[in-house]
1. Evaluate the following for G326: is it surrounded by 24 or more Cβ atoms within 10 Å (Cβ to Cβ) and within 22 Å of S232 (Cα to Cα)?
2. Among the candidates I286, I299, I229, I214, single out the residue that is over 15 Å from the mean Cα position of the chain (by Cα) and among the aliphatic types (A, V, I, L, M).
3. Does any residue of segment 92-103 turn out to be at pLDDT 95 or above, in a loop (DSSP other than H, G, I, E, B) and surrounded by fewer than 20 Cβ atoms within 10 Å (Cβ to Cβ)?
4. Keeping to segment 29-67, report how many residues are under 19 Å from S96 (Cβ atoms), within 29 Å of the chain's Cα centre (by Cα) and of a type in the set (A, V, I, L, M, F, W, C).
5. Determine which single condition F393 fails, assuming it passes every other condition in (1) at pLDDT 95 or above; (2) part of a loop (DSSP other than H, G, I, E, B); (3) in contact with a Leu (Cβ under 9 Å, 6 or more places away or on another chain).
6. Of the residues in segment 127-172, how many are more than 24 Å from G321 (Cα to Cα) and either in contact with a Cys (Cβ under 6 Å, 6 or more places away or on another chain) or not assigned by TED's automatic domain parsing to the domain that holds V92 (or both)?
7. Yes or no: I416 under 27 Å from the mean Cα position of the chain (by Cα), surrounded by fewer than 23 Cβ atoms within 10 Å (Cβ to Cβ) and either closer than 30 Å to W297 by Cα or of a type in the set (K, R) (or both)?
8. Identify all residues within segment 235-252 that are buried (at least 21 other Cβ atoms within 10 Å of the Cβ) and either of a type in the set (K, R) or over 23 Å from Y328 (Cα atoms) (or both); write none if there are none.
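The values are calculated or read from the model by the stated rules, or taken from the named source; none is laboratory data. From a predicted model like this one, the values you see are computed outputs, not experimental measurements. Cβ sites come from the backbone with ideal geometry, for glycine too, and all protein chains shown count toward neighbours.
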Amino acid sequence: MKLLSLQAAILGSLMLLSCTHADKWAMMTKIGNEIATTSFPADTFNIKDFGAENSDPSFLNSTAINSAIEKCSEAGGGVVLVPKGTWLTGPVTLKSNVNLHIEDGAILLFSTDSTLYTPAVLTRWEGMDCYNTHPLIYAFEAKNIAITGKGTIDGQGSPKHWWWMNGRAEYGWKEGMISQHTGGRPKLLGYEQDQTPVDKRVFTLQDALRPHFIQFYKCNTVLVEDVTIKNSPFWVIHPLLTDNFILRGATIMSEGPNSDGCDPESCDHVLIEKCYFNTGDDCIAIKSGRNNDGRRWNIPSKNIIVRDCRMAAGHGGVVIGSEISGGYSNLFVENCGMDSPELLRVIRIKTSNCRGGIIENINVRNIKVGQCKEAVLHISLLYEPDEKCQRQFPPFVKNVTLENISSNASEYGVFIEGLNESTNISDITVNDCSFNGVEKGNFIKGAERVRFKNLLINGKQVKN
């Protein structure tokens, strides 16, 4: 079976190499057409009919909201309506065939009482399997679910609540307080390396592993549309082992630590379009598990489309990694605008000898960049070089194409740092691009077949 899998992977790579430019973008259209979409009965379940009330701002509506969701799902599905007004709640669990609709003018406000988000649930934290604090909104093995509406979902993350657990003073941590670095993170890293059974990896609030805001775990056919989501404790939207996922028209604003906007992990057939991101970490980060846990699952992310989005602050606009041990293939990014003095990179691929994985068939076109701090394209196989792992698994990055991208300010145009073996990064193509205001030109080390065609840096043609 392993030999057959290897043969299939080699055949797939050869097919990608033989694809024409038109073939690749035709593949994007095919993938988009294949994504299954949600559909719900018209029946509406208003949370007020289940005991929700907002006349007292301290009244907790968790029971009412979850009861409405339960009844809606049991009845065959429909819309659970959060009407205008501010509604305080604890954790919410979505069920199959439910559309949680946040009405225009409604605010779903999550309590900062951390004890409400217990007991722990099965999750994956930074690519490692465990039981951890309940995400603010969680769905497990649900089908045909949605979060929609023009209202706001506020996690109330701040230096006073959740963010301080990161362990940095700028986010509210003070000497003597617990943090993820002294609590759960090193413990979880040890569990991952030793492959401790997942049911033994149980974390509490004292471990300071902040919860995800919205997590869909082992779900299928999911829509998040139009809502404004802000102030996340940790990653904002985390589809995990979830196929047929659409994020459309959402506004995501969370400037706290590790506030990735959307992190599809081991997902297939994903569409992210017409969204706005302003985040404290990567705007979009594609993942497939970390180190031994990622290899144990061996489920890559694949077939992801990002289009017509706007990115402001963030460590990267569209990123692959760093928890990418299961591999990744077939990314299509087009017609996006990115611009902020706090945007570090436009397209970033980050992995290492601990993470491993094969990353291939990355296609980016028609991107307008105002400014970014570091590089338009950044590929590194030396991410977190001090990480300790028992065995090394060299990563591979191949078949990356950028075309028709303009930028006005950055430190580098293209920055590539590979391993000593140049074959680990190969077939990188930059066509018809113009990078202005570049301080240091390009930096390329440890890569082969890096090709420039009509690439202008500060108005001058760059040759291969």
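1. It is false that G326 is surrounded by 24 or more Cβ atoms within 10 Å (Cβ to Cβ) and within 22 Å of S232 (Cα to Cα).
2. Answer to the check: I299.
3. yes
4. Qualifying residue count for the region: 4.
5. The single condition F393 does not satisfy is (3).
6. Count: 1.
7. The answer is no for I416.
8. Those that are buried (at least 21 other Cβ atoms within 10 Å of the Cβ) and either of a type in the set (K, R) or over 23 Å from Y328 (Cα atoms) (or both): A250, I252.
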